[in-house]
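A short write-up of the structure that comes next.
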Amino acid sequence: MARDPFDWIDAHAERRGAAGLVRTLRPRPARSPLLDLASNDYLGLARHSEVTRAGADACLRWGAGSTGSRLVTGSTELHAELEAELAAFCGFEAALVLASGYAANLAAVTALTSEPGTLIVSDAGNHASLIDGCRLSRATTEVVPHADPAAVRKALSGHDGPAVTVTDSVFSVDGDAAPLGELAAACAEAGAALLVDDAHGLGVLGDGGRGAAAAAGLAGAPGLVCTATLSKSLGSQGGVVLGPARVIGHLVNAARTFIFDTGLAPAATGAALGALRLLRREPDRAARAREVARELHKRLAAAGLEATAPDACVVSVRAPSPEAAVQWAADCREAGLAVGCFRPPSVPDGISRLRLTARADLTDREIGDAVGTIVRTAPPRR
């Protein structure tokens, strides 16, 4: 009898089950009754009537799909508008829109490290998309301790050749911010580029939500490239790379996840553009989102829970075990609250936690209800 080629999957499934790490899909309804602290809709724009109308209008005008890669038929005037406005808003010379934030990171990391002998210096807490970009680049990669500019400086000092330091701006697990000013200084001393994934900073940090680079006074710096997703603060979908015009031109010609991928759908492009224009008119949304995050942390900490102080909109609450985290999230859901549940291997430190994402449109009453539910359902501490 022929051997079953997928027998090995069963063993992996058994190990995941024994470790309490099984993941399942849970389709949500169009209108959920749950109070949402699980999504990345930081500014509350995913269902905003102006944003959804912009997406629907774009779909009706340009069609349901972009019909091809952007170098063939998939690039529309709408894409060019979004790129120009994102670059201007964030303070960069140029921008390039891709089909996802993941694709944007893969594009930026691989295209900017294609020169032989390039060194990548990567923060230990970086997002999986940056890690995968490092792997796909085939460049020498040195992983340095989390948020440690001295370690970055040391790694760069021992290298003679092109180098790129890669970091999140706001780390997605605990919500802490990278020391961008110090990292930029270390890179400038060594003649290295700095690549920053601003997925959790765009729309939240900086004046009116212009992002982490703007907040650090680095927007438009010649050695800086930023990536971001359009699926968080802008409530849509897609990714963007921002930087000097010559860097963006290089990506158009060298980034495989841009060249060989279908362009971002018109509806998502239009919705992101509508959200960006709304944010420019209502810049206080960014400050309100940060205020909600601080309030969540303050109340949870006052209740005795081990919650991280947020630098942006992510608040992490530690759980005693993966199983406890899963049960805690399930109990919250049963009580009407959706929260994120992060467990290994999604967390680099191996510590399971609930992850709460603040939203600008949460009311004070909703904040109180959410905190009350989390505290009431918390597992016993060991």
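The values are calculated or read from the model by the stated rules, or taken from the named source; none is laboratory data. Note that the structure is predicted; figures quoted are calculated from it, not measured. Methodologically, a virtual Cβ is constructed for each residue, glycine included, from the backbone with ideal geometry; neighbour enumeration extends over all protein chains shown. When the accessible area is computed, the model is the full protein with side chains, heavy atoms only, and any ligands, DNA or RNA have been set aside. Shrake-Rupley method; radii C 1.70, N 1.55, O 1.52, S 1.80 Å.
Being surrounded by 15 or more Cβ atoms within 10 Å (Cβ to Cβ), of a type in the set (Ser, Thr, Tyr) and under 12 Å from Leu296 (Cα atoms) narrows it down to one residue among Thr377, Thr308, Thr363; which is it? So that I can check it myself, show each step before the final result.
Working: Thr377 fails: under 12 Å from Leu296 (Cα atoms); Thr363 fails: surrounded by 15 or more Cβ atoms within 10 Å (Cβ to Cβ).
So the residue among Thr377, Thr308, Thr363 that is surrounded by 15 or more Cβ atoms within 10 Å (Cβ to Cβ), of a type in the set (Ser, Thr, Tyr) and under 12 Å from Leu296 (Cα atoms) is Thr308.
Would you tally the residues in the range 286-305 being crowded, with 24+ Cβ neighbours inside 10 Å and under 18 Å from Gly211 (Cβ atoms)? Even if it seems obvious, please write down each step before you answer.
We begin by selecting, within the range 286-305, every residue crowded, with 24+ Cβ neighbours inside 10 Å; these are 286, 289, 292-293, 296.
Now narrow it down to the ones that are under 18 Å from Gly211 (Cβ atoms): 286, 289, 293.
Matching residues across the range 286-305 total 3.
Do you know which residues across the range 214-248 are in contact (Cβ under 8 Å) with a residue 12 or more places away in the chain, in a helix (DSSP H, G or I) and surrounded by fewer than 20 Cβ atoms within 10 Å (Cβ to Cβ)?
Going through the range 214-248, the residues in contact (Cβ under 8 Å) with a residue 12 or more places away in the chain turn out to be 214-245, 247-248.
Add one more test, that the residue is in a helix (DSSP H, G or I), and what stays is 214-215, 245, 247-248.
Once the filter is applied, which keeps residues that are in contact (Cβ under 8 Å) with a residue 12 or more places away in the chain, in a helix (DSSP H, G or I) and surrounded by fewer than 20 Cβ atoms within 10 Å (Cβ to Cβ), the range 214-248 yields only Ala245.
Yes/no matrix, rows are residues, columns are (1) of a type in the set (Asp, Glu); (2) within 21 Å of the chain's Cα centre (by Cα); (3) under 17 Å from Ala193 (Cα atoms):
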{"residue": "Ala38", "(1), (2), (3)": "no, yes, no"}
{"residue": "Trp62", "(1), (2), (3)": "no, no, no"}
{"residue": "Thr76", "(1), (2), (3)": "no, no, no"}
{"residue": "Glu85", "(1), (2), (3)": "yes, yes, no"}
{"residue": "Ala99", "(1), (2), (3)": "no, yes, no"}
{"residue": "Asn105", "(1), (2), (3)": "no, yes, yes"}
{"residue": "Ser122", "(1), (2), (3)": "no, yes, yes"}
{"residue": "Thr140", "(1), (2), (3)": "no, no, yes"}
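When Arg28 is evaluated against the numbered criteria (1) within 24 Å of the chain's Cα centre (by Cα); (2) modelled with pLDDT of 95 or more; (3) within 25 Å of Ala228 (Cβ to Cβ), which criterion, by number, is the only one it fails?
The one condition Arg28 does not meet is (2).
Could you pull out the residue among Ala199, Ala155, Ala178 that is surrounded by fewer than 24 Cβ atoms within 10 Å (Cβ to Cβ) and either touching a residue at least 24 places away in the same chain (Cβ under 8 Å) or not acidic (Asp, Glu) (or both)? Working first, answer last.
Details: Ala199 fails: surrounded by fewer than 24 Cβ atoms within 10 Å (Cβ to Cβ); Ala178 fails: surrounded by fewer than 24 Cβ atoms within 10 Å (Cβ to Cβ).
It is Ala155.
In the range 175-212, how many residues are over 23 Å from Ser236 (Cα atoms) and in a loop (DSSP other than H, G, I, E, B)?
Matching residues across the range 175-212 total 5.
Here are Ala358, Ala307: which of them is within 19 Å of the chain's Cα centre (by Cα), of a type in the set (Gly, Ala, Ser) and more than 22 Å from Gly20 (Cα to Cα)?
On the way: Ala307 fails: within 19 Å of the chain's Cα centre (by Cα).
Step by step, each of Ala358, Ala307 is checked, and only Ala358 is within 19 Å of the chain's Cα centre (by Cα), of a type in the set (Gly, Ala, Ser) and more than 22 Å from Gly20 (Cα to Cα).
Among the residues of the range 79-93, are any in a strand (DSSP E or B) and of a type outside the set (Val, Ile, Thr)? Steps first, answer last, please.
Applying the first criterion (in a strand (DSSP E or B)) to the range 79-93 yields none.
No, that holds for no residue.
Name the single residue, out of those in the range 142-174 being assigned to a helix (DSSP H, G or I) and of a type in the set (A, V, I, L, M), that is farthest from Arg343 (Cα to Cα). Write out each step before concluding.
Our first condition is that a residue be assigned to a helix (DSSP H, G or I); within the range 142-174, this holds for 149-157.
Right, trim to of a type in the set (A, V, I, L, M) and you get 150-152, 155-156.
Numbers: Ala150: 29, Ala151: 27, Val152: 28, Ala155: 30, Leu156: 32 Å.
Residue satisfying both the conditions and the ranking: Leu156.
Look at the range 110-143 and say how many of its residues are open to solvent by 40 Å² or more (accessible area, probe 1.4 Å), within 17 Å of Pro348 (Cα to Cα) and either in contact with a Gly (Cβ under 7 Å, 6 or more places away or on another chain) or of a type in the set (A, V, I, L, M, F, W, C) (or both).
Here the count works out to 4.
Would you mind stating whether Asp36 is open to solvent by 30 Å² or more (accessible area, probe 1.4 Å), in contact with a strand residue (DSSP E or B) (Cβ under 7 Å, 6 or more places away or on another chain) and of a type in the set (Asp, Glu)? If you could, list the steps in order and put the result at the bottom.
Values: open to solvent by 30 Å² or more (accessible area, probe 1.4 Å): yes; in contact with a strand residue (DSSP E or B) (Cβ under 7 Å, 6 or more places away or on another chain): yes; of a type in the set (Asp, Glu): yes.
Here the answer is yes, as Asp36 does meet what is asked.
Could you check how many residues of the range 60-86 are out of contact with any Pro (no Cβ under 8 Å at 6 or more places or on another chain) and crowded, with 21+ Cβ neighbours inside 10 Å?
5
Return yes when Ala303 is modelled with pLDDT of 95 or more, closer than 15 Å to Val375 by Cβ and of a type outside the set (S, T, N, Q) and no when it is not.
Details: modelled with pLDDT of 95 or more: yes; closer than 15 Å to Val375 by Cβ: yes; of a type outside the set (S, T, N, Q): yes.
Yes.
Scan the range 52-74 for residues that are assigned to a loop (DSSP other than H, G, I, E, B) and under 20 Å from Ser231 (Cβ atoms) and jot them down. Even if it seems obvious, please write down each step before you answer.
Of all residues in the range 52-74, those assigned to a loop (DSSP other than H, G, I, E, B) come to 63-68, 70-74.
Ala64, Gly65, Ser66, Arg70, Gly74 - these are the residues of the range 52-74 that are assigned to a loop (DSSP other than H, G, I, E, B) and under 20 Å from Ser231 (Cβ atoms).
In the range 328-349, which residue that is farther than 15 Å from Arg26 by Cα and modelled with pLDDT under 95 is surrounded by the fewest Cβ atoms within 10 Å (Cβ to Cβ)?
Pro345
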